[in-house]
């Protein structure tokens, strides 16, 4: 009995082992590039955009089926006991009417329908389906660029906040030492009480800044987990240092950047596809002015239960022509409405191009000015470090009071934080500028497209 219980416990243990392994919090994303790749592979909005591509591709295949003939098979079985039935009519002698043959009868029907001419309707529907497929692919690329830019900006934000946190911790260590010194000098009567209050207030301000920094870190971490679709137990990669003087990289001229953006930006491709689809809807509506010509072939076989009953069977070929003659001017109104809709989309496309040019111009100048601010902040930091060194020497030699040292320390802290912020702003401007250019990615990072 004990051996059976032990065997059951071992079986349960092995059964729960995979589940425990899956729920263990040891899963970790190794690098920031891995985090970006995970976001591009698991972001729900991107997955939804991929499903949109699959839906548009399936709809395009459905429209392609309109080019093929339709083949349908019908069967009908009838069972009756009376071959003829009398129908009494008031004022007229009863007449015998044939309702159905006696016994069991089976009718087998095979019908083929092929559109010979539809006024260009089928071709326009195919073109519209193709445009919708292009639109869904462009929407996917737009969402992909958005996810990539958001993750990169959040990673840069976390780097900057981590670097600011280190600066604030260094400042707090200096303030702790200054507070101990101020308390000692106040106890000895060498410094007035307001200097001690000043040091304490500066320490409280740094603690507030540190708390705000931690709050921003938690918010950015939550946003990053959302964009990357990370489980709560997944550990994030260690944060690399924020570059104090990042390389500018290649910056095209404003004219070349405008050409690249107009050519590659997915948002414009979305509007172009919407405009093309609207134009195909106009063609579909105009096709209703033309006759529809269908070739119909029918093969029918009737099988009666009684062999002496003779029912005709055979093959027929028909030509079906349909032309609406008058519909109360509905077609004219529909064509006019669709033309106005296409014109509206054309204006929206022009507005999107103007907004893109304006955003590109702003980001291009932002890159230029942030690069200049980055160089200036490096000079300010160097001067603040020298100023703080001199203030320390003056204070230790008794030529300056603690307030002068505190002011120099504040200037140094602000210079370091400003340099980090300018570096962050410059790199953020780079990310946004590259997002507007929408340069093509390697082929392996694109979704499979089979038309």
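What follows is calculated from the coordinates using simple rules that are stated; it is not laboratory data. Owing to the predicted nature of the structure, the values given are computational and were not obtained by experimental measurement. Virtual Cβ from ideal backbone geometry, glycine too; neighbours counted across all protein chains shown.
Residue 219 meets the conditions (1) closer than 22 Å to residue 149 by Cβ; (2) part of a helix (DSSP H, G or I); (3) touching a residue at least 40 places away in the same chain (Cβ under 8 Å) in every case but one. The failed one is (3). Scanning segment 222-240 for residues that are in a loop (DSSP other than H, G, I, E, B) and over 23 Å from residue 420 (Cβ atoms) gives 229, 230, 231, 232, 233, 234. Condition first: assigned to a loop (DSSP other than H, G, I, E, B) and surrounded by 12 or more Cβ atoms within 10 Å (Cβ to Cβ). Now tell me which residues in segment 378-402 satisfy that. Listed by number, the residues that qualify are 400, 401.
Is one or more of the residues making up segment 187-202 buried (at least 19 other Cβ atoms within 10 Å of the Cβ) and in a loop (DSSP other than H, G, I, E, B)? Among the residues of segment 187-202, at least one is buried (at least 19 other Cβ atoms within 10 Å of the Cβ) and in a loop (DSSP other than H, G, I, E, B), which makes the answer yes.
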